[in-house]
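Undergrad: Structure incoming, see below.
The values are calculated or read from the model by the stated rules, or taken from the named source; none is laboratory data. Predicted model, so just to flag it, every value in this text is computed and none were measured. In this analysis, Cβ positions are derived from the backbone assuming ideal geometry, glycine residues included, and neighbour counts consider all displayed protein chains.
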Amino acid sequence: MSDAAEERRASELRRLIEDANYRYYALDDPAIPDVEFDRQLRELQDLEAAHPELLTPDSPTQRVGAGPLKDFAQVAHDVPMLSLNNAFSEGEVAAFDRRVREGLGREGLELEDETEYAVEPKFDGLAITLRYERGVFVRGATRGDGATGEDVSANLRTIRAIPMRLAGDNPPAVLEVRGEVLMLRRDFDQLNQEACDKGEKTFVNPRNAAAGSLRQLDSRITAKRRLHFFSYGIGRVEGVELPATHSEIMDWLATLRMPVARQRRVVSGVSGLMAYFKALGEQRSTLPFDIDGAVYKVNRLADQERLGFVSRAPRFAIAHKYPAQEELTEVEGIDVQVGRTGALTPVARLKPVFVGGVTVTNATLHNEDEARRKDVRVGDTVIVRRAGDVIPEVVGSLPERRPMRDLATPLHEPFVMPAVCPECGAPVLRLEGESATRCTNGLACPAQRKQAILHFASRRAMDIEGLGDKLVEQLVDRGLARTPADLYALGLEQLAGLERMAQKSAENLLSAIAASRHRPLARFIFALGIRQVGEQTAKDLARHFGKLDAIQGATADTLLQVPDVGPVVAASIAAFFRESHNQAVIEALRRVQAWVDGEAQAVPPGRFAGKTFVLTGTLPNLTRDQAKARIEAEGGKVAGSVSGKTDYVVAGAEPGSKLVKAEQLNIEILDETAFLYLFDKGEPPR
């Protein structure tokens, strides 16, 4: 065969094999028998071995896997991979729809004006992003923390459902496809059967099998396991004009030979959402893959942009979860745990039971009222489920199976919350209007002390890496840490003498503690563990007051002037700083210089306070997070959509409809140069 003929044959074989992969994995309609597929693949492998110049990066022969890596590289996502808020009832779905209608200014309209939603199954797998450049797959990564994931490109290349080259003659310059890696039920059963035959450990469920397979450092192992992929959206896109709706984007992805769920639909209003949820639920047991709910997305992209985001989730989408799998078991005891704020939580100790893919031995009873309402007693047979497929809870008991002393007397008495804290013996108190009973001993209670220190050191607070549960437990139990301030007085000898701590581990922890001195004011406020104060409220307080002293001295009325702080939150903050033991802890933190940079980083009074910015497109040098950080550091606010209240729109490449709306509203538009000038000089260039 001549060189030209061999090149043509290799190209033809690549086309035939990828076409067979597409028909098998995306269409579930194989066109050729497995033996013919294997013959074509072997022929291509032989051709490429004899003529290495014919080997291309997107060749199907590259799906066999490569040698092991030492570790996965980190990948920063150009567009964050956000999680979805969850709904568990029709009422929560209706509330979501109402928020959408209000956000779009459609509340009170007639039924014919109902919002249009794109709906699809919620796959029970692992979220990933695939990056294509000029139609060729170049990189893939896991979701990670939403901003940064792990580069698992080598493993993704082994998944035959993922095209190495997009179909079509004019692919986008850049296309990031978002989707889910999972394992089909038939392949999961086969994998476990093979493991049983070899006497090896089996996987608990398809999701665990998929996650474990995708995160193998040796992609040859991944290649031996049949993973699948479905796309459900896009991230960064360059060089193509997108359709106007999410459903049309999914249709477009299908034309690129990207696997998409056949079960996707477009519906209107709450009635359409619930009808789809019911119909999909009826198909759930017959689907070839596991799902744990349905995903609802506002269909029009322009509407999605108007709605924007809240915290780390979009306002325009929600996941509607199916009721979790339930099982029966017995209550062997009821313990009471003490949380960071002193709240006492009854927890049922259970005879181990397998629920929703995990073995459950403990389940929450939430609070005293719930325990009484459900009348859960030691010895009862109870229904256990994983609420939201995450937190095990006792749904209720079966009184007819209750052990009896005689025909009229149960063997065990009803649960009663203890009158004193089980950890420190201090009196407990339940305030009027609260469901929680709390220990009154504050940080003098070892349980609260441990939880307070853990929260203080957590990643989104002071971020002291290496300070975990077991270590904090030792520090508190040995009297080495009574408050977070004591962490900064720890020495190398003290730490190295603890269990599971060596010299190097102790040195690393001391370095992490020292590094935590440089956290901004907002994170320090969050680290204090004030009830009702989350990350965003902590940022709002730091932005509004600028200094910790000002927050400490603020009255409830003054606190109400902070954006999004209502009466309950204001009262909680004021009460926290009035408490003498909290004042003592803060003073101790000052003395050990646990927080030395915060006040220097406080917002200059009034510099950009009250100014609203909107970011759109890709800036040449700054990431969106970097631009947002600059704005917030100067007292400004970053909004997700353009309105009459917007002061500046910062526009980069591929800005989208936000720029158009800004022009229509005559809002000042800044490029990156003008944006940096504004923050340098305090006013935009003229």
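Undergrad: Suppose we filter region 436-492 for residues that are under 30 Å from Arg372 (Cα atoms) and not hydroxyl-bearing (Ser, Thr, Tyr); how many remain?
TA: Total meeting the criteria: 15.
Undergrad: Among the residues of region 654-677, write down those that are closer than 21 Å to Thr245 by Cα and aliphatic (A, V, I, L, M).
TA: Leu659, Val660
Undergrad: Take the conditions hydrophobic (A, V, I, L, M, F, W, C) and either surrounded by 15 or more Cβ atoms within 10 Å (Cβ to Cβ) or more than 28 Å from Arg630 (Cβ to Cβ) (or both) and apply them to Ala514. Does it pass?
TA: Judged against the criteria, Ala514 is not a match.
Undergrad: OK, next. Restricting to region 257-305, count the residues that are among the β-branched types (Val, Ile, Thr), in contact (Cβ under 8 Å) with a residue 60 or more places away in the chain and either over 30 Å from Arg165 (Cβ atoms) or outside the structural domain of His246 (by TED's automatic domain parsing) (or both).
TA: Of the residues in region 257-305, 3 are among the β-branched types (Val, Ile, Thr), in contact (Cβ under 8 Å) with a residue 60 or more places away in the chain and either over 30 Å from Arg165 (Cβ atoms) or outside the structural domain of His246 (by TED's automatic domain parsing) (or both).
Undergrad: Right, here's the next one. Residue by residue through region 239-250, note down the ones that are at pLDDT 95 or above and among the charged types (D, E, K, R).
TA: Hit for region 239-250 is Glu248, nothing else.
Undergrad: On the given criteria, is Gly144 touching a residue at least 12 places away in the same chain (Cβ under 8 Å), assigned to a loop (DSSP other than H, G, I, E, B), of a type outside the set (Lys, Arg) and within 30 Å of Thr56 (Cβ to Cβ)?
TA: Yes, satisfied.
Undergrad: So, one more: Looking at (1) modelled with pLDDT under 75; (2) in a loop (DSSP other than H, G, I, E, B), which is the one condition that is false for Leu622?
TA: All conditions are met except number (1).
Undergrad: Here is a further query. Checking the structure you have, find out if any residue of region 436-456 is within 28 Å of Lys539 (Cα to Cα) and among the hydroxyl-bearing types (Ser, Thr, Tyr).
TA: Scanning region 436-456, I find no residue that is within 28 Å of Lys539 (Cα to Cα) and among the hydroxyl-bearing types (Ser, Thr, Tyr), so the answer is no.
Undergrad: Also, quick follow-up: Tell me, which helices (runs of 4 or more DSSP H) lie completely within region 218-300 with 3 or more residues that are closer than 23 Å to Ala154 by Cβ and of a type outside the set (Gly, Ala, Ser)?
TA: 219-223
Undergrad: Filter region 653-686 down to residues that are modelled with pLDDT of 80 or more and of a type in the set (Ser, Thr, Tyr) and give me whichever is surrounded by the fewest Cβ atoms within 10 Å (Cβ to Cβ).
TA: Residue satisfying both the conditions and the ranking: Thr673.
Undergrad: Could I ask something else about it? Is it the case that some residue within region 447-464 is in contact with a Cys (Cβ under 8 Å, 6 or more places away or on another chain) and not small (Gly, Ala, Ser)?
TA: yes
Undergrad: Identify all residues within region 672-686 that are free of Cβ contacts under 8 Å to residues at least 40 places away in the same chain and in a loop (DSSP other than H, G, I, E, B); write none if there are none.
TA: Within region 672-686, Glu683, Pro684, Pro685, Arg686 meet the criteria.
Undergrad: When Thr646 is evaluated against the numbered criteria (1) in contact with a strand residue (DSSP E or B) (Cβ under 8 Å, 6 or more places away or on another chain); (2) of a type in the set (S, T, N, Q); (3) in a helix (DSSP H, G or I), which criterion, by number, is the only one it fails?
TA: Going through the list (1) in contact with a strand residue (DSSP E or B) (Cβ under 8 Å, 6 or more places away or on another chain); (2) of a type in the set (S, T, N, Q); (3) in a helix (DSSP H, G or I), Thr646 breaks only (3).
Undergrad: May I pose another question? Going through region 194-203 one residue at a time, which ones are assigned to a helix (DSSP H, G or I), farther than 14 Å from Lys224 by Cβ and not acidic (Asp, Glu)?
TA: Cys196
Undergrad: Return yes or no: is Gly396 closer than 30 Å to Glu327 by Cα and outside any helix (DSSP H, G or I)?
TA: Yes: the conditions hold for Gly396.
Undergrad: Of all residues in region 634-652 being of a type in the set (A, V, I, L, M) and free of Cβ contacts under 8 Å to residues at least 40 places away in the same chain, which is surrounded by the most Cβ atoms within 10 Å (Cβ to Cβ)?
TA: So, considering only residues that are of a type in the set (A, V, I, L, M) and free of Cβ contacts under 8 Å to residues at least 40 places away in the same chain, the one surrounded by the most Cβ atoms within 10 Å (Cβ to Cβ) is Val650.
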